[in-house]
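The values are calculated or read from the model by the stated rules, or taken from the named source; none is laboratory data. Since this is a predicted model, take the numbers as computed values, not measurements. Neighbour counts run over all protein chains shown; Cβ positions are idealised from the backbone, glycine included. The area values use the complete protein model at the heavy-atom level, side chains included, leaving out ligands, DNA and RNA. Shrake-Rupley method; radii C 1.70, N 1.55, O 1.52, S 1.80 Å.
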Amino acid sequence: MDPAVAAQPDATPPDQRVDRLTRDLADALEQQSATSQVLETIGRSALELRPVFETVVRHAIRLCAADGGYVHQLNGDVYRLEVARGGRPEFLRYLEEHPIPQGPGTLVGRVALEKRTVQISDAAADPKYEWHRGQQLAGFRTLLGVPMLAEGHVVGVIAVWRSRVEPFDDREIRLVTTFAAQGLIAIQNVRLFRELEQRSGELARSVDELRALGEVSQAVSLSLDLDEVLNTIVTRAVELSGTDGGSIFEYEPSTAEFVLRTCFGTSAELAEALSSIRIRVGETFIGRAAIAGEAAQAEDLDRQPPDLHIEELRRHGWRSLVTVPLRREREIIGALTVRSKVPGALPKPTVALLETLASQSTVAINNARVFRELEDKTRQLEVASRHKSEFLASMSHELRTPLNSVIGFSDVLLDRMFGELNERQAEYVGDIRDSGRHLLELINEILDLSKVEAGRMDLELAAVSLPDLLTQGVAMVRERADRHGIAVSLDVAADLGRILADELKLRQVVLNLLSNAVKFTPDRGSVVVTASLVDGNAKVSVRDTGIGIAESERERIFEAFQRGGREARSNKEGTGLGLTLSRQIIGLHGGRLWMESELGVGSTFTFAIPVGIPSPPGLAVPLKATTPMRDGRSAAGSVLVVEDDRRSADLMRVYLDGAGYTVSITGDGLEGLEMVRRLSPRAVILDILLPGLSGWDLLTRLKADPATAAIPVVIASMLDERGAGFALGASEYLVKPIDREALLDALGRCVAPPKGKRTVVVIDDDPLDLELVEAVLAPVGWTVLCATGGEEGVELVRRERPSVVLLDLLMPDVNGFEVVERLRADPSVVDVPIVVLTSKEITPADHERLAGRISFLAQKGTFQPAELIDLVGRVASAPTIQSNEPP
Ligand code: ADP
């Protein structure tokens, strides 16, 4: 036992003390069990207060030895009875019928007023007490009232009473206070629960709305089917607003009317009626709302100023209407409406929701309009682009035809085929030819660019030897570079071989870069071409020590018609299209073209394209032979020219080709010896001053070798040393300059001239072109017969059986395609070779139509006179039809 307690002296006799302690214990136990019962009730009846108050009052009466008790709860600004126990039924009815305001005249009123526990020892004797009727009915004397206080407000009062005068002691007051606290907990529980319930309700609604909005946005963004989207929207609008039906109208500005787009929850008859009436913007309920730009509610259609739309709705039994305008900025797009069969207005949040749906409809309608416009524009663009292509194709034909004459005749004049020109004349004719070529280049590039832009430039991919292509490219600019003392070098990595590419187009790119490099490099500079394999890409760089390109020009030079600074522009060569086209062509190959440069120091243009051929080099890819170089041909009975001066060699080729010989050329003595052994030509034309091996040495060796001793050698030299020549075994000796006649005569004395007629039939509707071909071919021994139309041409070919036919494609009467068909169908001329030269844009379809039936197909104006002579000679002497057609 606690010694301090034991030390406390107590005057009460021991058995009384035991009694009191026992009673206290019982009280405490009872109190505890009452409290736990109240708490249990609170736990059970989460939403109902009455059972809690009943438990409270019952226990309070019992534990306080009271005769009755009641609980009042604040309701508005008065306190109303919740539960009561004790007292007669009349009293209970009185309590029920008399809610109590704040004030000193009643117990509850006084507790509410003073916000604290109030005890009235004797209601009958209290001067301020006024509730005498109640007091008489119940017969109470002593009253105790305890407040239930929440945040400074008395939300309820618990009262207990005795019909005798006997004030409640402290213990009893504490007890009731405990019960009041529990009652308060119950009240707040219920309030919280209600709030929670309301919140979850709101939340659920919001979730529904969000889901609907999500669905609608998805419909708007995923579907271009406007009807489907608007249907979704009006359905959701009706569902979410809890109305019975709705519609979406689209506004038609040209008539200032709303047109029904879709309905939901609407009878077929009403839908029909709504489609047929004219809902004008200024004269209707929905129109006025649209102008105002705000939602409007017609709570009762019976009391609404009637319009066509509202009348129709009323006739079909609708009683209320909400309209939300669809607007884009100030423009009216339409209206979204929902309606009910009963009168009434929608709450604000619902209208806000409808406004959101309305803006979604606006987006949907607008999307659909934009899409329609886009489709229209695309169609128009397609037509325009077709027209443009047709225009370009015909324009290029119209331009190329006269250009062909300009270039061709100036070439003929410059080749002195009809006599000498004086210096001035030569200069002017040269200018005419250069301008013509420039124009032709321009036309070709414009056409190419327009093809790339229209997506119609197709690549003819084949395995192409990049080293060969680069070598040929360098060879083509070599002459010009030499003239300016510019060193050109080529360095190709050993592991770089064939790549998958369009040979002609890639050659165009290489040539563009190379000729730019030479063009923009001052005399005695250098141009270095390097090619290597980097990560499966063939990388080709052309570096020059030229004028360089200013920072500001670097991107612009890749744009069409952009030519660099003033210097470049004042240079008359160049079209400003080359780089644009090159970049496009490399792009089509899946590669990249770029440039680095420093002004005054030089530029490097580089492209990289995927090699595209698996290693070992693709077997499946057809190997397209690089276009044969001039001396690549070998034919039995050819004439070999060993001559290191290119101009002389070219001239001899023209003369010999024209006479039907097949010509091979070399500029080196040793190579000449090797070629004689390999080709066994019918004759050799030999220069004396040669690199490698002199003409005398070569002649000596040929005559010493039994395999070559019989081959006649014609010496053509600046030196007149006939004696030595004949002594060493030469058959003929010519002193330069050599004319055609003399060469052919000398050759003719050694070898029998090539057999066969030398007749060409030219079929072309352009008299200038006929004249041009004649001017080129007649001087070298061809008999040129002309026909100005297909019909006449076919006749001429049948009658003459020429060695070659030169044919134009576009002609007024019987066109070139038909001429080819007729000649190929006629056994008597089926084997006469045909060369088609046209100024028409050559399409893949043309290729297909002519494939296998002709020997050669080319664009007019691409040949210089010597090349035409070469081509015709070659085709005429070819044993079978050879073709430059892709397989
Ligand atoms: P162009 O036919 O005029 O050469 P391009 O498209 O090939 O057309 O080139 C456009 C311009 O880019 C040229 O006019 C020139 O100013 C500049 N350019 C191209 N290559 C070089 C280079 N290697 N050095 C300096 N400038 C160059």
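Lys and Arg at +1, Asp and Glu at -1: add these up for the other residues within a Cβ distance under 13 Å of Leu321 and post the number. Numbers along the way, then the final one.
On the way: positive: Arg288, Arg303, Arg314, Arg319, Arg339, Lys341; negative: Asp244, Glu299, Asp300, Asp302, Asp307, Glu311, Glu312.
Value of the local net charge: -1.
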Study note, to complete from the structure: Between the residues Leu357, Leu374, Leu399, the Cα farthest towards the positive end of the dipole of the chain, that dipole coming from +1 and -1 charges on the beta-carbon of Lys, Arg, Asp and Glu, is from Leu357
Revision key, fill the gap. Non-local residues with an amide H under 5 Å from the amide H of Val804, with H modelled 1.01 Å from N and Pro and chain starts lacking one, are Thr759, Val761
Check your understanding: Cα-Cα over 24 Å: which of Lys539/Lys860; Lys505/Lys840; Lys451/Lys860; Lys451/Lys519; Lys519/Lys736; Lys505/Lys539?
Key -> Lys539/Lys860; Lys451/Lys519; Lys519/Lys736
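Give the carbon-plus-sulfur fraction of the accessible surface of the chain in %, rounded to a whole number; probe 1.4 Å, heavy atoms of protein chains only. Each step should come with its number before you reach the end.
Details: 23370 of 44030 Å².
Answer for the chain is 53 percent, counting heavy atoms of protein chains only.
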**Study point:** Evaluated at q = 0.11, 0.17, 0.20, 0.23 Å⁻¹: base-10 log I(q)/I(0), Debye formula over Cα of region 795-885
**Key:** -0.28, -0.71, -1.00, -1.33
Point to revise | Cut-off under 5 Å, modelled amide H: who pairs with Gly156 long-range | key: Leu74, Met148
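Rank these by accessible area, largest first, 1.4 Å probe: Trp318, Trp696. Mind dumping the intermediate values first?
Working: Trp318 10, Trp696 55 Å².
My answer, sorted largest first, is Trp696, Trp318.
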Point to revise | Point-to-point label distance, Glu398-Arg478, nm (Cα→Cβ direction, 7 Å offset) | key: 4.3 nm
Check your understanding: Cα centroid distance between region 245-312 and region 17-78, in Å?
Key -> 65 Å
Exercise for review: Treat each spin label as a single point 7 Å out from the Cα along the C-beta direction, and report the Glu792 to Arg280 distance in nm.
Suggested key: 7.5 nm
Check your understanding: If you stretched the chain out fully between Ala778 and Glu90, how much longer would it get, using 0.36 nm times the residue separation minus the C-alpha to C-alpha distance?
Key -> 233.2 nm
Practice item. Pop out the Kirkwood hydrodynamic radius of region 62-193 from its pairwise C-alpha distances, inverse of mean 1/r, in Å to one decimal. Key: 14.6 Å
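Would you mind putting 681-694, 729-742, 180-193 in packing order, based on average other-beta-carbon counts within 10 Å, highest first?
On the way: 681-694: 20.4, 729-742: 16.1, 180-193: 18.1.
Ranked from most to least packed, the peptides come out as 681-694, 180-193, 729-742.
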Check your understanding: Of Leu196, Gly242, Val216, whose Cα points farthest to the positive end of the dipole of region 189-249 (charges on the beta-carbon: +1 Lys, Arg; -1 Asp, Glu; origin at the Cα centre)?
Key -> Leu196
**Study point:** Cβ-Cβ FRET estimate between Phe391 and Lys703, R0 fixed at 41 Å, reported to 0.05
**Key:** 0.05
Point to revise | Lys, Arg +1 and Asp, Glu -1 on Cβ, resulting dipole of the chain about Cα centre, debye, nearest 20 | key: 1680 debye
**Study point:** FRET E, pair Gln297, Ala65, Förster distance 45 Å, beta-carbon r, rounded to 0.05
**Key:** 0.10
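Rolling a 1.4 angstrom probe over the protein heavy atoms, how many square angstrom per residue are accessible across the chain? Write out the running numbers ahead of the final one.
Numbers: 44030 Å² over 887 residues.
Accessible area per residue, the chain: 50 Å².
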Check your understanding: Counting DSSP beta bridges in the chain, what percent are antiparallel, to the nearest 5?
Key -> 70 percent
Check your understanding: What spacing in nm lies between the two simple spin-label points modelled at Thr22 and Glu239, each 7 Å away from Cα in the Cβ direction?
Key -> 7.4 nm
Exercise for review: Using the charge dipole of region 212-293 (Lys, Arg: +1 at Cβ; Asp, Glu: -1 at Cβ; taken about the Cα centre), state which of Asn231, Ser267, Thr255 has its Cα farthest towards the positive end.
Suggested key: Thr255
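For the chain, what does the equivalent ellipsoid look like in terms of its semi-axes, each the square root of 5 times an eigenvalue of the Cα gyration tensor, given largest first in whole Å?
Numbers: eigenvalues 2734, 286, 98 Å².
Semi-axis lengths for the chain are 117, 38, 22 Å.
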